[in-house]
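Please read the structure below before turning to the comments.
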Amino acid sequence: MQHRLQGLARVLGALSHAALWIASVGMIAMTVIVAWQVFARYVLNSSPSWTEPVSVMVMSWFIFLGAAVGVRENFHMGFDVLIHFLPGAGPWMRAISDLAVLVFGLGMVVYGLQLTIDTWTAILPVLGLPGGFTYMPIVGGGALMTLFALERVLLRASGVVVDHDPNAEEIAMTSD
């Protein structure tokens with residue numbers, strides 16, 4: 001079991017790292033797009049129509065990818081106040097928090113996919129893309145949140161304490 005969890009931690013660690021890099025590139029891209037829009041509007045007196053919808057879509061991606069990475073690195077909201085007031089309840093509260101994030105991520109996937117499918121036939125006027133593109137970040141971020149929360153649940157169930165970024169070396173050390 002520990003060997004499988006080590007492999008899972010390596011794969012999801014790489015996925016988390018990739019998501020963080022993509023989110024970082026997206027943030028830079030959005031900054032450049034918005035800067036171009038401001039320059040074009042006030043200096044060239046001709047604002048491009050594509051900049052706002054593209055920057056909003058890019059922003060959606062880096063927000064949801066960053067939120068998913070936050071789940072893996074334990075930056076999401078939890079029951080910290082209750083943990084301090086109820087000594088000994090910490091492991092249970094953290095497990096409940098991980099399960100709540102797992103359910104929330106599944107909800108994002110299910111309902112985000114429904115939004116994507118329902119709006120796919122509508123066309124975004126300026127970009128000419130299907131309207132479902134707007135909701136795809138919800139599905140992608142929800143899928144990653146679900147995977148990362150499931151990893152945390154499995155690690156807790158196997159006895160590995162995960163109150164920060166779980167990596168394969170830590171899992172190997174705690175299983176000895």
Seminar exercise, completed: Cβ pairs under 9 Å, 6+ apart or interchain, first in region 94-108 and of a type in the set (Lys, Arg), second crowded, with 16+ Cβ neighbours inside 10 Å, ordered by first then second residue, are Arg94/Asn74; Arg94/Gly78; Arg94/Phe79; Arg94/Ile83; Arg94/Arg152; Arg94/Arg156; Arg94/Val162
Exercise. For the subset of region 109-135 comprising residues that are among the hydrophobic types (A, V, I, L, M, F, W, C) and in contact (Cβ under 8 Å) with a residue 40 or more places away in the chain, which member is nearest to Ser49 (Cα to Cα)?
Worked result: Val126
Exercise. Given the conditions (1) at pLDDT 90 or above; (2) in contact with a helix residue (DSSP H, G or I) (Cβ under 6 Å, 6 or more places away or on another chain); (3) over 30 Å from Ala14 (Cα atoms); (4) among the hydroxyl-bearing types (Ser, Thr, Tyr), and given that Ser47 satisfies all but one, which numbered condition is not satisfied?
Worked result: (1)
Exercise. Across region 32-58, what is the total count of residues that are closer than 21 Å to Thr134 by Cβ and charged (D, E, K, R)?
Worked result: 1
Seminar exercise, completed: In region 100-119, residues that are surrounded by 14 or more Cβ atoms within 10 Å (Cβ to Cβ) and over 16 Å from the mean Cα position of the chain (by Cα) total 3
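The values are calculated or read from the model by the stated rules, or taken from the named source; none is laboratory data. Keep in mind that what you see is a predicted model, and the values were worked out from it rather than measured. Please note: Cβ atoms are built from the backbone with ideal geometry, for glycine as well, and neighbour counts cover all protein chains shown.
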